Amino acid sequence: MKKIIIGNFKMNPLSFKGAEDLLKAFDIKTKNTVILCPPYIYLKKGENYILGAQNCFYENEGAYTGEISPKMLKDLGCKYVIIGHSERRNILNETDLEINKKIKVCLLNNLKPVLCIGEKLGEDRKEVLKKQLKEDLKGVKDKNIIIAYEPVWAIGTGKTPTSDDILDSFNFIKKIIPESKVLYGGSVNSKNIQEIIQITDGVLVGGASVNKNEFLKMIK
Ligand code: PGA
């Protein structure tokens, strides 16, 4: 079955040339669905990958200095938008209410949200997942979206949950939102991707997605 592999470049690379180089290298035919999410300023459509953004604003238009409208993303050819990444929740203090508004405005514009949820170290995993799903998807009718289970303690740390725990979270989320595609994210690399991809609908890759050779191995 076709799996979804999302590359979240985060705030990388630090030059236009570098971004162009990565997007070009990853524009290859593969058996998977590859969604690339570079920073806004590098968004560029490709032949073989699908374009996504890392965030958007929760209004379509108006005087909001520094914000990016989902309509602009749509116009550039984006099909997906990552919403509620833990770095935005924790560093930029994004709330579940804002995340909920962003999901709704994305869907209105025919952009598919990639909702990120996950517990911090020491938190009750299922309690957090249940609460985030409830608040982030409040009043959302079309739940045919992507949900990425990303334990905060696994992001950028080289640590991953056991396969049993990933599968347990996958089943837990599917039970609540059966129409969603459920991915895993957090320290996915070329060595562990196969095992993880077998028990999920795909993966969300951060750090390893801006390492050209590493990510090429993963998407092939
Ligand atoms: P990581 O990040 O792959 O570097 O752990 C995951 C993410 O950005 O969601």
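Please go through region 179-200 and pick out each residue that is out of contact with any strand residue (DSSP E or B) (no Cβ under 7 Å at 6 or more places or on another chain) and either without any contact (Cβ under 8 Å) to a residue 24 or more places away in the chain or within 11 Å of the ligand (Cβ to nearest atom) (or both). Can you show your working first?
So in region 179-200, the residues out of contact with any strand residue (DSSP E or B) (no Cβ under 7 Å at 6 or more places or on another chain) come out as 179, 186-187, 189-192, 194-195, 198-199.
Within region 179-200, G186, S187, N189, K191, N192, Q194, Q198 meet the criteria.
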Number of the exception - E150 against (1) within 9 Å of the ligand (Cβ to nearest atom); (2) over 19 Å from Q54 (Cβ atoms); (3) of a type in the set (D, E, K, R): (2)
All positions within region 201-217 that are touching a residue at least 24 places away in the same chain (Cβ under 8 Å) and either within 14 Å of the ligand (Cβ to nearest atom) or surrounded by 22 or more Cβ atoms within 10 Å (Cβ to Cβ) (or both): G202, V203, L204, V205, G206, G207, S209, V210, E214, F215
Condition check for I5: modelled with pLDDT of 95 or more, under 16 Å from the mean Cα position of the chain (by Cα) and outside any loop (DSSP other than H, G, I, E, B): yes
Test result for G122, closer than 18 Å to I5 by Cβ and either open to solvent by less than 10 Å² (accessible area, probe 1.4 Å) or of a type in the set (G, A, S) (or both): no
Count of residues meeting criterion [assigned to a loop (DSSP other than H, G, I, E, B), touching a Phe, Trp or Tyr at 6+ places or on another chain (Cβ under 9 Å), touching a residue at least 24 places away in the same chain (Cβ under 8 Å) and under 13 Å from I5 (Cα atoms)] in region 31-70: 1
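The values are calculated or read from the model by the stated rules, or taken from the named source; none is laboratory data. Please read these numbers as outputs of a predicted model, since none were measured by experiment. Cβ coordinates were reconstructed from backbone atoms using ideal geometry, including for glycine residues, and neighbour counts include every protein chain displayed. The accessibility values were calculated without ligands, DNA or RNA, using every heavy atom of the protein model including side chains. Shrake-Rupley method; radii C 1.70, N 1.55, O 1.52, S 1.80 Å.
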